[in-house]
Amino acid sequence: MSQFIPTGMIRFMTFEINSAYLAAEGLLEPLLQELEGITDIHDQLVLSSQPAKQSYWAQNIWRNPKIIQIDSINDAARKLRSLHRNWCLYSHTLHRRAKLILDKLPPVSSSPMSFPVSLSTTQLGSFTLLDENTLLASPECSSAFPNGKPLFVEDRNGPPNRAYLKLYEALTIAGTTPQPGEFCIDVGGSPGGWAWVINQCGADVLSIDRSPLSLSMQNKKGVTFQKRDAFKLLPGEFENQHVDWLFSDIICYPEKLYDWILEWVESGICKNFICTIKFKGEPDLSIADKF
């Protein structure tokens with residue numbers, strides 16, 4: 001007796017999918033170079049036969065994806081609910097059908113968040129349609145943000161540039177913020193986007209850069225500025241003062257930043273660090289591993 005197997009099922013039975021990686025915008029190519037065992041690519045979503053691993057170029061990692069055959073929209077929603085409660089849709093094809101499935105699931109807010117915000121402790125799963133009758137779904141993902149992309153309520157009047165959104169994201173992931181009465185150092189601070197966030201949190205901030213802060217930041221209480229080379233700012237200058245946070249959004253070679261940050265870490269003067277790493281040309285991920 002012959003048995004009918006959907007063509008989509010035949011396709012996905014030919015290989016295992018043990019992890020999936022959603023590339024950050026514009027970073028699909030470096031993500032592909034970083035991964036092994038790639039079996040398929042669906043727009044920005046890269047499927048792999050290898051177990052999930054840390055990735056620098058993925059904004060969300062699907063750690064335990066499962067292929068699920070479905071008969072209908074209701075069947076898809078039922079099977080997803082049996083696996084997990086909270087789901088986020090990554091839609092790359094069959095958008096209407098995918099949205100109808102999402103609408104059958106418990107609602108998950110996609111509204112911009114007001115900073116500061118505490119992330120939900122409930123895991124946010126991700127799913128997508130591979131074809132009309134095949135779901136790929138992972139109850140466990142690396143990011144608490146829908147599709148790994150945070151959305152914040154933007155302040156279009158206060159901060160001098162949009163760099164403040166990067167610090168919103170970093171502090172939200174860290175689960176803590178500078179507190180009133182704390183002292184922070186912000187290097188590479190011009191024109192003052194990060195200093196603005198720190199100041200809004202109620203902490204005092206010393207901003208270091210070769211270029212000045214914006215006029216709006218220069219007059220803020222609790223914000224001081226020094227025009228100087230950030231890498232000549234050393235822990236020895238603060239032997240009699242506790243530094244609660246050191247922030248760096250400076251443009252420099254990662255190796256130089258690492259050596260400078262390491263000196264601060266080893267000094268024991270500062271307990272919290274948030275740094276961005278900026279690559280020029282072909283990235284050397286071995287230096288990122290050191291951080």
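The values are calculated or read from the model by the stated rules, or taken from the named source; none is laboratory data. This is a predicted model, so every value here is computed, not measured. Note that we place each Cβ from the backbone using ideal geometry, even for glycine, and neighbour counts take in every protein chain shown.
Within segment 146-168, residues that are touching a residue at least 40 places away in the same chain (Cβ under 8 Å) reach partners that are of a type in the set (Val, Ile, Thr) and not in a loop (DSSP other than H, G, I, E, B) with beta carbons closer than 6 Å, at six or more positions or on different chains, in the pairs 167/197.
Taken together, the residues in segment 44-68 that are in a loop (DSSP other than H, G, I, E, B) and in contact with a strand residue (DSSP E or B) (Cβ under 9 Å, 6 or more places away or on another chain) amount to 12.
Which residues, counting only those in segment 181-203, are assigned to a loop (DSSP other than H, G, I, E, B), out of contact with any Asp or Glu (no Cβ under 6 Å at 6 or more places or on another chain) and hydrophobic (A, V, I, L, M, F, W, C)? It would help to see each step written out before you state the result.
Filtering segment 181-203 for residues assigned to a loop (DSSP other than H, G, I, E, B) gives 181-182, 188-192, 201-203.
Pick out the ones that are also out of contact with any Asp or Glu (no Cβ under 6 Å at 6 or more places or on another chain) and you get 181, 191-192, 201-202.
Once the filter is applied, which keeps residues that are assigned to a loop (DSSP other than H, G, I, E, B), out of contact with any Asp or Glu (no Cβ under 6 Å at 6 or more places or on another chain) and hydrophobic (A, V, I, L, M, F, W, C), segment 181-203 yields only 201.
Can we say residue 71 is outside any loop (DSSP other than H, G, I, E, B), farther than 28 Å from residue 28 by Cα, of a type in the set (Asp, Glu) and at pLDDT 95 or above?
no
Taking the condition of being surrounded by fewer than 19 Cβ atoms within 10 Å (Cβ to Cβ) and among the aromatic types (Phe, Trp, Tyr), how many residues in segment 139-164 meet it? Counting residues in segment 139-164 that are surrounded by fewer than 19 Cβ atoms within 10 Å (Cβ to Cβ) and among the aromatic types (Phe, Trp, Tyr) gives 1.
Acidic (Asp, Glu), under 16 Å from residue 177 (Cα atoms) and under 26 Å from the mean Cα position of the chain (by Cα), is that true of residue 204?
no
Among residues that are surrounded by 15 or more Cβ atoms within 10 Å (Cβ to Cβ), touching a strand residue (DSSP E or B) at 6+ places or on another chain (Cβ under 8 Å) and closer than 19 Å to residue 165 by Cβ, residue 214 is not included.
Residue check: is residue 274 in contact (Cβ under 8 Å) with a residue 40 or more places away in the chain and either within 28 Å of the chain's Cα centre (by Cα) or farther than 24 Å from residue 55 by Cβ (or both)?
Against the criterion (in contact (Cβ under 8 Å) with a residue 40 or more places away in the chain and either within 28 Å of the chain's Cα centre (by Cα) or farther than 24 Å from residue 55 by Cβ (or both)), residue 274 qualifies.
Just to be sure, is residue 172 at pLDDT 95 or above, buried (at least 19 other Cβ atoms within 10 Å of the Cβ) and not charged (D, E, K, R)? Break it down into steps so the answer makes sense when it comes.
Details: at pLDDT 95 or above: yes; buried (at least 19 other Cβ atoms within 10 Å of the Cβ): yes; not charged (D, E, K, R): yes.
Considered against the rule, which asks whether it is at pLDDT 95 or above, buried (at least 19 other Cβ atoms within 10 Å of the Cβ) and not charged (D, E, K, R), residue 172 comes out as yes.
Entry remark, segment 230-270: residues being in contact (Cβ under 8 Å) with a residue 40 or more places away in the chain and either of a type in the set (Gly, Ala, Ser) or not in a loop (DSSP other than H, G, I, E, B) (or both) number 8 in total.
Just one of 154, 169 is within 22 Å of residue 252 (Cα to Cα), among the charged types (D, E, K, R) and either assigned to a loop (DSSP other than H, G, I, E, B) or within 21 Å of the chain's Cα centre (by Cα) (or both); which is it? Write out each step before concluding.
On the way: 154 fails: within 22 Å of residue 252 (Cα to Cα).
Being within 22 Å of residue 252 (Cα to Cα), among the charged types (D, E, K, R) and either assigned to a loop (DSSP other than H, G, I, E, B) or within 21 Å of the chain's Cα centre (by Cα) (or both) holds for just one of 154, 169, which is 169.
Condition check: of a type in the set (A, V, I, L, M, F, W, C), free of Cβ contacts under 8 Å to residues at least 60 places away in the same chain and in contact with an Asp or Glu (Cβ under 9 Å, 6 or more places away or on another chain). Does residue 94 satisfy that? Give the derivation first.
Details: of a type in the set (A, V, I, L, M, F, W, C): yes; free of Cβ contacts under 8 Å to residues at least 60 places away in the same chain: yes; in contact with an Asp or Glu (Cβ under 9 Å, 6 or more places away or on another chain): yes.
For residue 94, the condition - of a type in the set (A, V, I, L, M, F, W, C), free of Cβ contacts under 8 Å to residues at least 60 places away in the same chain and in contact with an Asp or Glu (Cβ under 9 Å, 6 or more places away or on another chain) - is met.
Criterion applied to 136, 100 was being aliphatic (A, V, I, L, M), outside the structural domain of residue 172 (by TED's automatic domain parsing) and crowded, with 16+ Cβ neighbours inside 10 Å, and the one residue passing it is 136. Does residue 226 satisfy being surrounded by fewer than 20 Cβ atoms within 10 Å (Cβ to Cβ) and under 25 Å from the mean Cα position of the chain (by Cα)? No, not satisfied. Residue pairs whose Cβ atoms lie under 6 Å apart, separated by 6 or more positions or on different chains, with the first residue in segment 50-70 and farther than 18 Å from residue 124 by Cα and free of Cβ contacts under 8 Å to residues at least 24 places away in the same chain and the second of a type outside the set (Phe, Trp, Tyr) and not in a loop (DSSP other than H, G, I, E, B), do not occur.
For segment 103-133: of the residues being among the small types (Gly, Ala, Ser) and touching a strand residue (DSSP E or B) at 6+ places or on another chain (Cβ under 7 Å), which is surrounded by the fewest Cβ atoms within 10 Å (Cβ to Cβ)? Even if it seems obvious, please write down each step before you answer.
So in segment 103-133, the residues among the small types (Gly, Ala, Ser) come out as 109-111, 114, 118, 120, 125-126.
Imposing the further condition that a residue be touching a strand residue (DSSP E or B) at 6+ places or on another chain (Cβ under 7 Å) reduces the set to 125-126.
On the way: 125: 23, 126: 27.
Taking the candidates together, the pick is 125.
Any residue at all in segment 73-84 that is in contact with a Cys (Cβ under 9 Å, 6 or more places away or on another chain) and polar (S, T, N, Q)? The answer is no; no qualifying residue exists.
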